[in-house]
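Enquirer: One structure follows; several queries about it will come next.
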Amino acid sequence: MKVGIVEDEAVWRDKIQAVIETYCRDKNIPVQIHAYGSGKDFMKDSDADLLFLDIELAEGEDGFQIAEQLMHEGKKCKVCFLTSHAELARSGYRVNAFRYLDKRHLEEVSEALDSFLKTKIQDRILSCTDTAGMRIGINLKELLLVETYGRKLRYLMLDGREHICEGKISEAAQSLSPFGFSRIHRSYLVNLKYIEKAQSHEVTLCNGFKVMIGRAHKDAFKKEFFKWRMWFDN
């Protein structure tokens, strides 16, 4: 994870960086932090996944204008605005701000990091061996479900593509459950993000595909789905 800090006051830069370093160390998250005293210096690099950006910078620099420039350049970094004036937050709608943080309450930095990491939970590639013995990469964000396919596994993607790979459903469930996948049946593992409707005996996925909920997996699925909705659908 690459984190940028744009803050003209060194004392605040250091405090924010310390909070980020402590958070990532406690959660064992690899991080690169780059701090800048001005938006001009940041824009020379502008490489960050998450940016903590002061709204009111020295020499007349405007945090909103910097965020607009990032948008125009197609940068994908999330922007957390730093301010001591809550009324300024109203202007942030035009740059799709990720968060507004009060510099007097730096505990909000940890909350912003929590929320950011939730958006990235499926930003990873699963490596599998297909029936030809080739290693392939499967993007978890595009994976709809996994099902048993004889003695192999079928990985069904959002766009309808499928990959037949070696493996067992129990092993797939163990490796994918931390990333928003739930084994709802002895033969099926579904992406919780793409469940359109959950009923007592089946779920309907976003493509209309229905999957039965196995009796042995019913209680665990309910807990996992409730937790997912609580954490990720807000």
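Enquirer: On the basis of being under 23 Å from the mean Cα position of the chain (by Cα) and more than 26 Å from T129 (Cα to Cα), does F181 make the cut?
Expert: No.
Enquirer: List the strands (runs of 3 or more DSSP E) that sit entirely inside segment 146-234 and contain at least 3 residues that are in contact with a helix residue (DSSP H, G or I) (Cβ under 9 Å, 6 or more places away or on another chain).
Expert: In segment 146-234, 152-157, 181-185, 188-191 are the strands (runs of 3 or more DSSP E) which contain 3 or more residues that are in contact with a helix residue (DSSP H, G or I) (Cβ under 9 Å, 6 or more places away or on another chain).
Enquirer: Which of the residues that make up segment 125-151 are over 20 Å from E196 (Cα atoms), surrounded by 14 or more Cβ atoms within 10 Å (Cβ to Cβ) and not polar (S, T, N, Q)?
Expert: L126, C128, D130, I136, I138, Y149
Enquirer: Being among the acidic types (D, E) and either touching a strand residue (DSSP E or B) at 6+ places or on another chain (Cβ under 7 Å) or not assigned by TED's automatic domain parsing to the domain that holds A97 (or both): is that true of D47 here?
Expert: yes
Enquirer: Test of understanding: among K103, K168, K193, which residue is assigned by TED's automatic domain parsing to the domain that holds L51 and either in contact with a strand residue (DSSP E or B) (Cβ under 9 Å, 6 or more places away or on another chain) or over 30 Å from E7 (Cα atoms) (or both)?
Expert: Result of the check over K103, K168, K193: K103.
The values are calculated or read from the model by the stated rules, or taken from the named source; none is laboratory data. Because the structure is a prediction, the values reported are computed rather than measured. FYI the Cβ positions are ideal-geometry reconstructions off the backbone, even for glycines, and counts take in every protein chain you see.
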